[in-house]
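Structure record follows, encoded as structure tokens.
The values are calculated or read from the model by the stated rules, or taken from the named source; none is laboratory data. Here the structure is a predicted model, which is why all the values come from computation and not from measurement. In this analysis, Cβ positions are derived from the backbone assuming ideal geometry, glycine residues included, and neighbour counts consider all displayed protein chains. The protein model used for the area step is the full one, side chains on, heavy atoms only, and it has no ligands, DNA or RNA in it. Shrake-Rupley method; radii C 1.70, N 1.55, O 1.52, S 1.80 Å.
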Amino acid sequence: MKMTLQEIATLVGGRLAGDPSIVINGVNNIEGATKETITFADEAHVEEAAKCNAGAVLLPNSVEVDFPLPAIFVENTRAAFAVLLTTFTPPIQHEKGVSPDAHIGKDVTIGKDVTILPLAYVDDHAVIGDRVVIYPHVYVGQYATVDDDAILYSSVTIREHCKVGKRVIVHSSAVIGADGFGFTTKDGVHTKVPQVGNVVLEDDTEIGAHAGIDRATIGSTIIGKGTKIDNLVHIGHNCHIGPGNLIVAQTGISGSTNTGANVTFGGQTGTVGHINIGGNSVFAARSGIIGNTPEGVFYAGFPARPHQEWLRMQAHMKKLNDMSKKIKALEKKIEELTK
């Protein structure tokens, strides 16, 4: 793939500053860029980009410095760079059709232009939509549905009755619809509570590798439209995750937790169950959410609290040793004065 800077500027809707005939054959980061590639920089990395070896740089419109390299100015550099990544890195192609080495059960419905690769297992009564791609060692359970343009990478498990929406991507070894963690305990013996619900992945969701999303006890565990879940995330049974959430690696969300729209959970965040988390909120990495939270908050720490409050507490923590020494000295002085 080769494009001129003028073609690239037109593609990303940017303003070109430099020779429009320069030919670009790839994209790279600032450190690895060469004369034949284009890179990008946000406002914090403009000086670094000015010294790199790139043939051109994507810059935000807000940058007003006299930039020494050919540049294309855009509203959002990351979004424009994503377009170029897609353009210069075409998707992997597989021959369409169902491999004779895949297992297709009884009464399975398969749409048009589907790709099912060897050693995939589609169980009885499953429904596969148009243009779905199923990689080797995927299991699609009985009565499960996988809607149009979904991609299931190797070793994914979609358990019985679960529903995968349009354009959903599920990465390798994720398990959708394992039994929820439900037990009753009597006399020290744990007895399993049947988990007869399902999981619904709404349209445009993406599930990371080795993520686990448990089926509901009754009803559905729901992952809202456009939500993106990172690797090694666990979502408990009967959770309702709102649309547009971002859930970063190693986060654990306990059962029956409801989240609003556009909530961001930093890495290793944990929640108790049966709580409501307000939309448009951000939780810093390793936050511990132990109760309901309002909308539009930025929380951190354990237990999770407003971020500025947590920062002040962390600052005080560094002074605890000195404060302890001062308190002991004051106590000694008071004791002497009392005597």
- [ ] Write down the accessible area per residue of the chain in Å², having rolled a 1.4 Å probe over the full set of protein chains.
- [x] 53 Å²
Task: 10 Å-binned pair-distance histogram of the range 79-173 (Cα, whole percent) - done: 18, 51, 21, 9, 1
- [ ] Let me have the 222 nm mean residue ellipticity of the chain computed from DSSP H runs of 4+ only, each contributing -39500 (n - 2.57), with the sum over all residues rounded to the nearest 500.
- [x] -5000 deg cm²/dmol
Task: Local electrostatic count, A211, Cβ distance below 15 Å [Lys/Arg +1, Asp/Glu -1] - done: 0
TODO: Jot down the radius of gyration and Dmax of the range 122-242, Cα atoms only, both in angstrom.
DONE: 14.1, 52
Open item on the list: So I have (i) 16.0; (ii) 27.4; (iii) 17.3, and one of them is mean projected area of the Cα convex hull in nm² calculated from this model. Which one is it?
Closed with: (ii)
- [ ] Using a 10 angstrom cutoff on alpha carbons, build the Gaussian network for the chain and name the most mobile of P91, P294, P68.
- [x] P68
- [ ] Leaving ligands, DNA and RNA out of it, report the carbon-plus-sulfur percent of the accessible area of the chain at a 1.4 Å probe.
- [x] 55 percent
- [ ] With unit charges on the beta carbon (Lys/Arg positive, Asp/Glu negative), name the residue among G219, S256, T157 whose Cα is farthest towards the positive pole of the charge dipole of the range 156-277.
- [x] G219
Task: Charged-residue dipole, Cβ positions (Lys, Arg, Asp, Glu), the chain about Cα centre, Debye nearest 20 - done: 1440 debye
Task: Cα-centred dipole magnitude for the range 208-339, charges only on beta-carbon of K, R (+1) and D, E (-1), debye, nearest 20 - done: 540 debye
TODO: May I ask for the distance between the Cα centers of the range 247-306 and the range 181-234, given as a whole number of Å?
DONE: 17 Å
TODO: In whole angstrom, note down how far apart the Cα centers of the range 25-91 and the range 94-134 are.
DONE: 41 Å
Task: Mean shadow area of the range 133-203, taken as a quarter of the surface of its Cα convex hull (nm²) - done: 5.2 nm²
Task: Set of aspartates and glutamates near K339 by C-alpha distance (under 16 Å), chain-local residues within fewer than 8 positions excluded - done: E331
Open item on the list: Going Cα to Cα from K225, which lysines come in below 28 Å? Please leave out same-chain ones fewer than 8 positions away.
Closed with: K96, K112, K163, K166
